[in-house]
1. Under the √(5λ) rule applied to the eigenvalues of the Cα gyration tensor, what semi-axes describe the equivalent ellipsoid of segment 302-343? Give them in Å, descending.
2. So, R0 is 56 Å and r is the distance between the beta-carbons of Ser241 and Leu124; what FRET efficiency does that work out to, to 0.05?
3. Give the peptides 168-174, 132-138 in descending order of average Cβ contacts within 10 Å, highest first.
4. If I fit a long axis through the Cα atoms of helix 132-145 and take the longest principal axis of the Cα atoms of the chain, what angle between them do I get, 0 to 90°, rounded to 10?
5. Once both axes come from the Cα atoms, what is the angle between helix 48-66 and the longest principal axis of the chain, in degrees from 0 to 90, rounded to 10?
6. So what's the net charge close to Glu313: Lys and Arg +1, Asp and Glu -1, counting the other residues with Cβ under 13 Å from its Cβ?
7. Tell me the relative contact order for segment 191-333 as a rounded percent, counting alpha carbon contacts under 8 Å between residues six or more apart.
8. Angle between the Cα long axis of helix 72-86 and the longest principal axis of the chain, 0 to 90 degrees, nearest 10?
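Since every read-out is calculated from the coordinates, none of them should be taken as a lab result. All values reported here derive from a predicted model rather than from experimental measurement. Note: ideal-geometry Cβ built from the backbone for every residue, glycine included; neighbour counts use all protein chains shown.
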Amino acid sequence: MELSDKIISLIEHARSSVAKVANTAMVITYFQIGKLIVEELQQGESRAEYGVSLLKNTSQQLTKQLGRGFSVQNLERMRNFFLLYSKSSKELRKSDVFQKSSNSLRIFGENDVKFLPIGWSHYLFLMQIEDENERQFYEIECFNSNWKLEELKRQFNSGLYERLALSRNKEELMKLAQKGQIIQQPKDLFKEPYILEFLGLEEQSTYSETELETSIIDRIEQFMLELGKGFFFGGRQVRFSFDEEHYFVDLVFYNRLLRCFVLIDLKIGKLSHQDLGQMQMYVNYYDRFVKEDDEHPTIGIVLCKQKNENLVEITLPKDNDQIFATKYKTILPDKSTLKKLIE
């Protein structure tokens, strides 16, 4: 690497760090402004007109002195921000993510609250999530995965929390709220279903497996975000051969957190036992001829539109932890339906 490249990298890292600290400092400042507003309203007159006039007068003075950003609406947001997070569970916000984050800043005093270094716009969106556990899950994932606001909105609208929760018991569900999504074993990767609305393929439209694969490749970054953490793309239609026969894996990835290959086969129709058998063969080949001795066993995922749980259960071994079949959807799910399934 050239000296200039090293310097540029160093400066860009410094700018990123400064921006994160500045964002968090502003979040804390808005929290404290909200606290001042609440205290003033509590000490002032009880009439609603007092609150309206207080915020209006304060907004005019702040705008005159400091410029834009202090409208009555924004002051109301800061007030609501304080009310929401000062009442949030302190036990919940003592999770490892908050404790270990060297970038997180802390407020001491009457309300001991920690914030992760994500932007004010992220917190404005998070404030709309009523369930405290779900809200903190997305807060942690924003920080851990460095989500931009648009990605946060997409993950929320796709029901990421609910989809992960469907495969977890109550204890594991609480861990989601406290730590976010932790990848320690193969089953931690999966959600049901995978949401691929960004491909632009309507639910009832006719498309081939090749068209599905091509759409994924064209939007590979978004697809990898939907897969989850730690994925690297290894190729499409990756060929391997034995006994003079050629076989092709639709999509090959590597997950650095689990240190293993992840093979994906795409099926636009109903899952069959032959599909599972084919994936088992792919996985066996990679385990025996591709992976290194210090790497973990290969994972195979058959991504299908329809599946029969009984078929999957009877086809795969009881102690299976390598082959998975999961559905995908090309439209956003109904979040209320997902929530009912959890309950």
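1. 24, 14, 9
2. Step by step, r from the Cβ atoms, then E = 0.55.
3. 132-138, 168-174
4. 70 degrees
5. 80 degrees
6. Net charge around Glu313: 0.
7. This gives 29 percent for segment 191-333.
8. 70 degrees
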